[in-house]
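The values are calculated or read from the model by the stated rules, or taken from the named source; none is laboratory data. Everything quoted here is computed from the prediction, not taken from an experiment. So basically every Cβ, Gly included, is an ideal-geometry build from the backbone, and we count neighbours across all protein chains shown. Surface areas here come from the heavy atoms of the whole protein model, side chains and all, with no ligands, DNA or RNA. Shrake-Rupley method; radii C 1.70, N 1.55, O 1.52, S 1.80 Å.
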Amino acid sequence: MPSTNQRRWARHRHRRYPQIIAVLTSFVLGTNAALPQVDFDRMGKVAIAGSFAGLDLYSSDGGPSASFDATTSTIFLRSADGGLSPIGSTNAGGSVVAGCSLGDSFYFAGSFSSVSGQNAANIVSYNPSTSKFTALAGGGLDGAVEAIYCDSSSKSVWAGGAFHGPSSGASGYSGSVAVYTPSSNSWAPPGFGGLSGPVMSIVSNTDSSSLLFGGSFLTSYQSGSTTPNNNVTSVSNPNVPQSSGSTPFSSSLVPFPLGGAEITAGPSSSRAGLGDINAILCPSGEDGPGSTWFGREGSYNTIIIRNFQAMTARGIRLGNTFFDGQSTTVFCVTSIPDNRVLTLRYNVPGSSETRTCSDECPLSTDPSVAFQDFVFEADSITGVLINLKEWAKDGVGLHLLQLLSDGSFASAVSSDNASPCYAPGPSNAHATGSWSQATVNTDIPATVQTVLTSNVAVGSTTSPSVTWNVYTSASGQYEVYLIVPGCINMQDCDSRTSVDVTINPGGSMSPVTTTVSEQNPQDAEVLVYKGPLVPSTPDYTITVRLALAANPTGQGVGGQYTLVAGRVMMKLISTDTSSNGTSTGGSNGTATSNSRRGFGIYEWPLRNSPSNVNATGIIPNETETSLTTAAFNLYSGLGNSTSSVSGARIESIVPYTSDKTFLGGRFTLRDGTANIAQFTSGALSALANQGLNGVVSSMVLYGSTLFVGGSFNSTADNSVSLRNIAAYNCVQRDDKQR
């Protein structure tokens, strides 16, 4: 896994070498006194008084400590016993602000011309085995470096800052980003050329599939007026019920059909017509016998849903019962198989306020609230356990229970596609050519999946195909994934090849084709499309087709390629289709008044990276990601003009989950959000107390606590006093900063 390193040196992932620490603020140390001969074991508790800035372990073999030049930055090595030893200092006036490790070397970056007498421009490597600093190719970079990231998967070092390129030979660079390859001791521009302003932060996303760049730069994407989706009319299935306890986003998530799942509840009521948990999965009748479930009177109750296969669940929908005055008031949800109590996010009925809960989640007892949607973040799960903890009147009860997907889904095996609630019918798949059904293990223990496989002759000009018609309840911005079973489990790695996946987004938009390798050893979710989807009516489906690639990879086995078709998954990112158009082509160029602009954030995929991208010009719409919306929101929130973003910057980015990313820096949005924000469910929003009243320069996530450092003394609303460092509880928003 690549190691993530923020702009401000906050920590180092320990390897077999002693820890190295870059001192960012220069200081002067006096000479240590000789170690006194004291029997500390007999002293008991000891208090230390005096005037000092810190404590360190004494090293008897290091001799007296040298004084340090206050005009330099010094790099220390920390030994196994915690002692600190200086290993090098910059030139006078130099600074070290970032570092990371790759293989047997450490890399340090900042603004300097030398370290320990070794000429190096703003970036340098250190080998603990030889205790030597070495300049990188060309001597370094021609401007200050503010962030570096060591990618162990590609064995490369990414540098970001206020530079154009290498100190010698910077032609071909667009600025602010450069990539160093240690094996060849060479620099290269990134696949997107560079960025238009300083880069302050480089981190990976939660699954290390892409890099996130933060700073003070503009991005421009093709205008919606040049693509068909400018005239897109959003559609949604009118049969999907609405409630003040849901949002347009959660209402668009298709429920999993649970008819084939194992669902148990107990203890259940013995009252006639009220003891069947299956009656509330998709109730058609009024709240009461036959359409409502009661737990045994006065009993704490548990509902368990097991599907015994991977599900990309995003939430749970609960409708309370009010029959005979009985209701559930408090509950919690635990994921299966990892047995983790989930943090749920919900909308307070009748308001725009969003809250979170975990161990004790409230369920509305207002009869006008038909149901509530509770969304969560989870990797693939196989089920959930719902604990109903408190109730009104005689016991717990529910009128509606649904497990929500993260958008929509379909299997290549038609018999695996059941009809979700409210859908005109099930998703389906149609195959041409010869396909065989196979049941294979997945990477989740004790689970299997059913897929289709087909053999096609190497060199064939025709191909078998599978076409999915995926029920999608509403238009929106989606990421579409092809779920490709791992070739190790199927024992067909040598015969695997590549396929062309074509998606028809609807809304008069042109089809988009992506070539995907199916030679993955483990199960993989491969992104094949990102952008707006507009389902066809009246069946509300999106069409996806898989066939042999036009230029297949691999040699095959016995003159045959193997194609595999499993599932497709459509992850809802936002319900807005008007702002982020997509196209099947387009070239880079100069930003125009019609281009759509973003600020401060750019995401670059490390896998299946697009070609011919120049991020300082017009960026093709098909390269947009969910975080592109965050960049659009920042630009708009700052005033929607190049002058209004002057002076603003993103200095720190912390991905929390696949759907939540924290942004810190110097900015004030028109809604009052100041210097720190979160991007979740396709929207930028404030943290508690509207943020902080000063610049955020660094953030570090520890568990569910976000530690924030910078130059501030209170929250933005002046309700909480702080002193340049704060902790934010990511799970319980009410804890706010402290």
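Contact annotation: residue pairs with Cβ atoms under 8 Å, 6 or more positions apart or on different chains, pairing a residue in the stretch 283-308 that is in contact (Cβ under 8 Å) with a residue 40 or more places away in the chain and of a type in the set (D, E, K, R) with a partner that is in a loop (DSSP other than H, G, I, E, B) and surrounded by 16 or more Cβ atoms within 10 Å (Cβ to Cβ), are Asp287/Thr321; Asp287/Phe322; Arg296/Ser269; Arg296/Gly395; Glu297/Ser269; Glu297/Asp394; Glu297/Gly395; Arg306/Ala261.
Across the stretch 186-198, the number of residues qualifying as buried (at least 19 other Cβ atoms within 10 Å of the Cβ) and part of a strand (DSSP E or B) comes to 2. When Ala147, Ala159, Ala135 are checked against the criterion of being buried (at least 17 other Cβ atoms within 10 Å of the Cβ) and touching a Gly at 6+ places or on another chain (Cβ under 8 Å), Ala147 stands alone in meeting it.
Among the residues of the stretch 277-288, is any closer than 22 Å to Pro255 by Cα, more than 39 Å from the chain's Cα centre (by Cα) and open to solvent by less than 40 Å² (accessible area, probe 1.4 Å)? Yes: the stretch 277-288 contains one or more residues that are closer than 22 Å to Pro255 by Cα, more than 39 Å from the chain's Cα centre (by Cα) and open to solvent by less than 40 Å² (accessible area, probe 1.4 Å). Beta carbons closer than 8 Å, at least 6 apart along the sequence or on distinct chains, pair a first residue in the stretch 309-324 that is at negative phi and open to solvent by 10 Å² or more (accessible area, probe 1.4 Å) with a second that is in a strand (DSSP E or B) and charged (D, E, K, R) for Thr312/Lys571.
Looking across Ile336, Ile304, one residue alone is closer than 23 Å to Pro420 by Cα, modelled with pLDDT of 95 or more and open to solvent by less than 40 Å² (accessible area, probe 1.4 Å). It is Ile304. In this entry, Ile305 is excluded by the filter for residues that are within 22 Å of the chain's Cα centre (by Cα), under 30 Å from Asp523 (Cα atoms) and assigned to a strand (DSSP E or B). Listed by position, the strands (runs of 3 or more DSSP E) inside the stretch 403-497 whose residues that are surrounded by fewer than 17 Cβ atoms within 10 Å (Cβ to Cβ) number at least 1 are 428-432, 436-441, 448-457.
Residues that are aliphatic (A, V, I, L, M), in a strand (DSSP E or B), within 16 Å of Cys421 (Cα to Cα) and out of contact with any Cys (no Cβ under 9 Å at 6 or more places or on another chain): does the stretch 308-317 have at least one? Checked against the condition, which is being aliphatic (A, V, I, L, M), in a strand (DSSP E or B), within 16 Å of Cys421 (Cα to Cα) and out of contact with any Cys (no Cβ under 9 Å at 6 or more places or on another chain), the stretch 308-317 yields at least one hit. Of the residues making up the stretch 162-185, those that are over 28 Å from Tyr221 (Cβ atoms) and open to solvent by 40 Å² or more (accessible area, probe 1.4 Å) are Ser167, Ser168, Gly169, Thr181, Pro182, Ser183, Ser184, Asn185.
What number goes with the only condition from (1) open to solvent by 60 Å² or more (accessible area, probe 1.4 Å); (2) in a strand (DSSP E or B) that Ser508 does not pass? In the conditions (1) open to solvent by 60 Å² or more (accessible area, probe 1.4 Å); (2) in a strand (DSSP E or B), Ser508 misses (2) alone. Selection of the stretch 360-377 for residues being β-branched (Val, Ile, Thr) and open to solvent by 40 Å² or more (accessible area, probe 1.4 Å) yields only Thr365. Of all residues in the stretch 522-541, those being closer than 14 Å to Tyr471 by Cβ, part of a strand (DSSP E or B) and touching a Phe, Trp or Tyr at 6+ places or on another chain (Cβ under 8 Å) number 2.
Checking each residue in the stretch 514-531 for being small (Gly, Ala, Ser) and open to solvent by less than 50 Å² (accessible area, probe 1.4 Å) picks out Ala524, Gly531. When residues of the stretch 702-719 are filtered for being without any contact (Cβ under 8 Å) to a residue 12 or more places away in the chain and part of a strand (DSSP E or B), how many remain? Number of matching residues: 1. Of the residues making up the stretch 629-655, those that are closer than 22 Å to Thr575 by Cα and either assigned to a loop (DSSP other than H, G, I, E, B) or among the hydroxyl-bearing types (Ser, Thr, Tyr) (or both) are Thr629, Tyr635, Ser636, Asn640. Quick one: would you say Ala279 is among the aliphatic types (A, V, I, L, M), touching a residue at least 12 places away in the same chain (Cβ under 8 Å) and either part of a loop (DSSP other than H, G, I, E, B) or within 30 Å of Asp659 (Cα to Cα) (or both)? In short, no.
Just name the residue that is least open to solvent (accessible area, probe 1.4 Å) out of those in the stretch 675-701 that are part of a strand (DSSP E or B) and touching a helix residue (DSSP H, G or I) at 6+ places or on another chain (Cβ under 6 Å). Ranking the candidates gives Phe679 first. Look at the stretch 405-419: where a residue is over 27 Å from Phe374 (Cβ atoms) and a partner is of a type in the set (A, V, I, L, M, F, W, C) and in a loop (DSSP other than H, G, I, E, B), sitting 6+ places away or on another chain with Cβ atoms under 9 Å, you get Ala412/Trp435.
Scanning the stretch 267-276 for residues that are of a type outside the set (A, V, I, L, M, F, W, C), closer than 15 Å to Asp394 by Cα and either in contact (Cβ under 8 Å) with a residue 24 or more places away in the chain or touching a Pro at 6+ places or on another chain (Cβ under 7 Å) (or both) yields Pro267, Ser268, Ser269, Ser270. Contact map, the stretch 137-165: first residue modelled with pLDDT under 95, second residue of a type in the set (Asp, Glu) and surrounded by fewer than 24 Cβ atoms within 10 Å (Cβ to Cβ), Cβ cut-off under 7 Å, separation 6 or more or different chains; pairs are Phe163/Asp142; His164/Asp142; Gly165/Asp142.
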